[in-house]
């Protein structure tokens, strides 16, 4: 059974403007600096400042040995207040 509390909190975040954000992070392998490796990060975040992504990248530079090469970013609104509508009429057909 899904956790309704976390589902409700996630829906509220989406209605507050959080977007599904995906980042492809290319980094240099510590033992082979000329070789690049890819890492995919995905989280709900707020555009255009992306505080969750920035916290993750700060963590990366402090704790992970692989030096960052580049970050490609894609962000899409999963739901927005304009898309959220209440039904005006409900009809049943037998």
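The values are calculated or read from the model by the stated rules, or taken from the named source; none is laboratory data. Bear in mind that the values here come from a model prediction, so they are computed numbers and not experimental data. Every residue, glycine as well, gets a Cβ built from its backbone with ideal geometry; the counts of neighbours run over all protein chains shown.
So the values come out like this:
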quantity	calculated
Residues located in the stretch 43-74, provided they are surrounded by 12 or more Cβ atoms within 10 Å (Cβ to Cβ), in contact (Cβ under 8 Å) with a residue 12 or more places away in the chain, out of contact with any helix residue (DSSP H, G or I) (no Cβ under 9 Å at 6 or more places or on another chain) and not in a loop (DSSP other than H, G, I, E, B)	52, 53, 56, 57, 60, 69
Every residue from the stretch 20-36 that is within 17 Å of residue 64 (Cβ to Cβ) and surrounded by 13 or more Cβ atoms within 10 Å (Cβ to Cβ)	23, 24, 25, 26, 27, 28, 29, 36
Unmet requirement for residue 62, which otherwise passes all of (1) touching a strand residue (DSSP E or B) at 6+ places or on another chain (Cβ under 6 Å); (2) at pLDDT 95 or above	(1)
Members of the stretch 10-25 that are farther than 27 Å from residue 60 by Cα and assigned to a helix (DSSP H, G or I)	11, 12, 15
